[in-house]
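First up is the structure itself, then whatever we jot down about it.
The values are calculated or read from the model by the stated rules, or taken from the named source; none is laboratory data. Every value quoted in this text rests on a predicted model; they were computed, and no experiment measured them. Note that each Cβ is placed from the backbone with ideal geometry, even for glycine, and that neighbours are counted across all protein chains shown.
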Amino acid sequence: MLRHRVIPLVLLDGYSVVKTIRFDVRRNLGNPIVVAKIYNARNVDELILLDIDASKENRGIDLQTVGSVASECFMPLTVGGGIKTCDEIARTLKAGADKVALNSVIFENPNFLFDAVSTFGSQCIVASLDVVKSSMGEYSLYSHARKKNSFSLKDCLSFVIAAKVGEVLLNNVDRDGTMFGYDINLIKYVKSQINIPLIVAGGASSPHDCTQAIKAGASAVSAASIFHFTSITPLLCKEDMHSHGIPVRI
Amino acid sequence: MITVIDLGISNVGSVGRALDHLNAAHKISQLRSDIINAEKLILPGVGSFSEGMNRIRQLGIFDLLRDRTLIEKIPILGICLGMQLFASEGEEGGLTKGLNLVEGRVCYHRSAGLGFRLPHIGWDEVYYEDFKLFDSITNNSCFYFVHSYELLVNEPVTLAFTNYGVTFTAAVQKENILGVQFHPEKSQMVGLKLLENFCSDRF
């Protein structure tokens, strides 16, 4: 049976690992290669590396960093940050990524998603969607230009499904870095809209949060703060999931 | 020397790093001469079946790969799409003839009809029967898979299986021809062990 994954999320501001709160306040956590080494030693299921400033600063993720991280990990590596062309995808894969996460480009140049999937295959393309909840309780997409996006979450999900991306990485901006738990209603809603693997991020505070996210319909859980700032490891999360009958790789 | 064949659409870097880690002498190349001089071959692959075969034809290595594996019988390991390209034909990207090293067809995974999510992405159990490629690997270990298509064989070459809605081919061996649907280079210790087995004098 396919195992549910626990995926540490490593955010970069260009060269250093950082951790944000609600995509804003930051703490610097040092060298990504050291972080990757630790996660490899912990035998994690997968790693996601995102450069959260790349799009804003109109540059790509540093491929030397990707290469150094990749040489430390014999597990799947998803890389995102400022990727806008097939050529950039090819170079990111060559540097050692297995999958690329696309975010801003989905809104700036939607047709590109079709090119990316037809060139590299669905399995290689992850749609990374940053979601915020309005005061009215509606979900919409967060734009890194700090403007509200015109795409509704529903339309955006149907669009990425039509483009045949391989996975959706759902980042909950309101919960990011808060350790308030995953937004279970959001996970249930997204699960009801898509039939491809769903990775959820934003808010994990305990191993049991991970279990609840999977029960709500996530294929995989991703987290940063609990692994950076607490004694909780991906293994502890998997043990909790396992004890609730969820198949995991231990 | 092992030649890792670079079709230009594959994750050859990951395979190369795994072989570096194992201190296995290898060369990543798309040159005919490196295929002619290789003692063993690895054919990694990511991408569609039709695109993979296009690349093999563009590189002019179709007959060479068949001669080296079918006549000279040097060991070859196909990884993911690499294994699928061994088949007689594949459906992905339009019906395309394969290398025809293994009788069979590559089809959209049957689990789709059962409501399972595709691609089949993640760690899944592999059950094997008497298979030297899995020496020293605990049966039912998890390996990392990323695929939407599966190899349906017409001859008894499947020696390892995985269940995802249906039981499908996880690995094959036909004499010197070996293939795995999962990614050993991305499967942590068990994957490295499998690659080490392939590099060893077992094959």
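Brief remarks on what is shown
- Residue within segment A:148-156 that is in a loop (DSSP other than H, G, I, E, B) and touching a residue at least 12 places away in the same chain (Cβ under 8 Å) present: no
- Criterion: in contact with a helix residue (DSSP H, G or I) (Cβ under 9 Å, 6 or more places away or on another chain), under 17 Å from B:Leu41 (Cβ atoms), touching a residue at least 12 places away in the same chain (Cβ under 8 Å) and in a loop (DSSP other than H, G, I, E, B) - qualifying residue of B:Phe182, B:Phe198, B:Phe203: B:Phe203
- Test: residue in segment B:50-62 that is within 26 Å of B:Thr158 (Cβ to Cβ), out of contact with any Cys (no Cβ under 9 Å at 6 or more places or on another chain), buried (at least 23 other Cβ atoms within 10 Å of the Cβ) and in contact (Cβ under 8 Å) with a residue 60 or more places away in the chain: no
- Note on segment A:1-32: residues that are within 14 Å of another protein chain (Cβ to nearest Cβ) and of a type in the set (A, V, I, L, M) amount to 4.
- No other residue among B:Leu19, B:Leu41 is under 17 Å from the mean Cα position of the chain (by Cα), under 26 Å from B:Lys193 (Cβ atoms) and part of a helix (DSSP H, G or I) apart from B:Leu19.
- If you go through segment A:200-224 and keep only what is among the acidic types (Asp, Glu) and in contact with a Ser or Thr (Cβ under 9 Å, 6 or more places away or on another chain), you end up with nothing.
- So B:Ser111, is it small (Gly, Ala, Ser), under 25 Å from B:Thr162 (Cα atoms) and in contact with a Phe, Trp or Tyr (Cβ under 9 Å, 6 or more places away or on another chain): yes
- Within segment B:173-191, the set of residues being under 14 Å from B:Cys142 (Cβ atoms) and either within 11 Å of chain A (Cβ to nearest Cβ) or of a type in the set (Phe, Trp, Tyr) (or both) comprises B:Phe182, B:His183, B:Pro184, B:Lys186, B:Ser187, B:Gln188, B:Met189, B:Val190, B:Gly191.
- Pairs are defined by a Cβ separation below 8 Å, a sequence spacing of at least 6 or placement on different chains, a first member in segment B:92-109 that is within 20 Å of B:Arg68 (Cβ to Cβ), and a second member that is among the polar types (S, T, N, Q); the pairs so defined are B:Lys97/B:Ser88; B:Gly98/B:Gln84; B:Gly98/B:Ser88; B:Asn100/B:Ser88; B:Leu101/B:Thr69; B:Val102/B:Ser88; B:Glu103/B:Ser88; B:Glu103/B:Asn154.
- Selection status of A:Ala54, out of contact with any strand residue (DSSP E or B) (no Cβ under 7 Å at 6 or more places or on another chain), of a type outside the set (S, T, N, Q), surrounded by fewer than 24 Cβ atoms within 10 Å (Cβ to Cβ) and within 14 Å of chain B (Cβ to nearest Cβ): no
- Each residue in segment A:60-73 was checked for being in contact (Cβ under 8 Å) with a residue 40 or more places away in the chain and not in a helix (DSSP H, G or I), and 2 of them qualify.
- Residue in segment A:90-118 that is farthest from A:Leu63 (Cα to Cα), counting only those that are of a type in the set (Val, Ile, Thr) and more than 11 Å from chain B (Cβ to nearest Cβ): A:Ile106
- A residue that is among the aromatic types (Phe, Trp, Tyr) and under 13 Å from the mean Cα position of the chain (by Cα) occurs somewhere in segment B:186-200.
- Hey, A:Ile38 without any contact (Cβ under 8 Å) to a residue 12 or more places away in the chain and part of a helix (DSSP H, G or I) or not: yes
- Selection status of A:Leu49, away from chain B (no Cβ under 14 Å), within 22 Å of A:Gly202 (Cα to Cα) and touching a strand residue (DSSP E or B) at 6+ places or on another chain (Cβ under 7 Å): yes
- Residue match in segment A:119-135 (condition: basic (Lys, Arg), more than 9 Å from every other protein chain (Cβ to nearest Cβ) and outside any strand (DSSP E or B)): no
- Candidates A:Leu198, A:Leu153, A:Leu186, A:Leu169 - the one that is away from chain B (no Cβ under 14 Å), at pLDDT 95 or above and farther than 15 Å from A:Arg22 by Cα: A:Leu186
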